[in-house]
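Quick note: the coordinates plus some simple rules give every number you see, no bench work behind them. Remember, it's a predicted structure, so these values are computed and weren't measured experimentally. Heads up, the Cβs are rebuilt from the backbone with ideal geometry, glycines too, and the neighbour counts pull from every protein chain shown.
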Amino acid sequence: MRAAITAKSKGHTARVIHHRPSGRSTPPTSYLAEHGNSKALCHHQNHRKAAPGFPQVTPAAEQEAESGQRVETELPRTSIGGRTVDSRETDKFGADAAYWWNMTTGPFAPLHGMNPIRCSFIRNVVCSHYGLDSQVLKPFAGLKVLDVGCGGGILCEPMARLGAEVLGVDAAVQSIDVAKKHAALDSSISESITYRATTAEQLVEEGEIFDVVLSLEVIEHVKDVEAFTTCLSNLTKPGGALILSTMNRTPLSYSMAIIAAEHVLRWVPQGTHDWTKFITPQEMIMLLRDAHLDVQQVSGLVYNPLMSSWSLSQNTTVNYIAYASKPDEAEHSV
């Protein structure tokens, strides 16, 4: 069942659509019974080449690409630890770092496909939040933006082009290396982006604070979602904005993200997602409220396979994006 709440911020009203909690459930048995044996699934070969100037594809990665199975024993420990960091998740993304800027094939192509609508959402809500003109070339000029779990920098770069001073952080060292090399190719943004192989917890300890905090398609991969959300809140300045996106935990998201994307279409390697770690919109709202943030908007992100495009929607069944604000003066110490 869906319910709506109305929130007010900065003189405007936003309607937040969310689902009532139904409790954490297990993957649908019908899907498991039909698709549990990956060898019986149809698949397409996905030949992935590293972008010029970036780390070369390892033999283990080639083996993975051919078999559709992630080569767990070959993963190097090249991640930064922390309370919220799941080292196995980080190492998996680090092993795929060479593919971050492959926009049409490979494990990160779906994120590139989502990026235009994600950036449009961010631009609109941040401009509304701060009373900025969204039609100017660089509306984010003067804003400090943090991207937690930045990967290869595919979100940091458009934020810099909007005029922001951007810090991108990721626990996977290989991803940060790729992000730095790619940003260096464009002198118009290279001076506006800083990348660090570190964690949200470390930034909190350093007393960092930002006008806008972003963390897209990350929370479903962390070890402690409550601690992670609290860190994001601490990194958001009073009066600032926080934007997260993730996947809902529904039968449809299981069929799309696990069965279709990992097994049938092989858009991403098997094991990329753990459906039980997906978060419902209601759970997200409660996480944000517990971190002393005011939820302003939750919108669905819907993929149209015929048009190969993404759009915003009230349908949060699979993907969704959330925007929350931090009160000017927090009532509680987070």
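With Rh defined as the Kirkwood radius, the inverse of the mean 1/r over Cα pairs, the Rg/Rh of segment 157-281 is 1.00.
If R0 equals 51 Å, the separation of the Cβ atoms of L306 and A184 corresponds to a calculated FRET efficiency of about 0.85. When only alpha carbons are used to place a centre, segment 281-334 and segment 141-159 end up 18 Å from one another. Placing a label point 7 Å from the Cα of E226 along the Cα-to-Cβ direction, the residues of segment 233-253 with a backbone N closer than 16 Å are 233. What whole number of Å gives the distance from the Cα centroid of segment 199-250 to the Cα centroid of segment 162-192? A separation of 19 Å, based on Cα centres.
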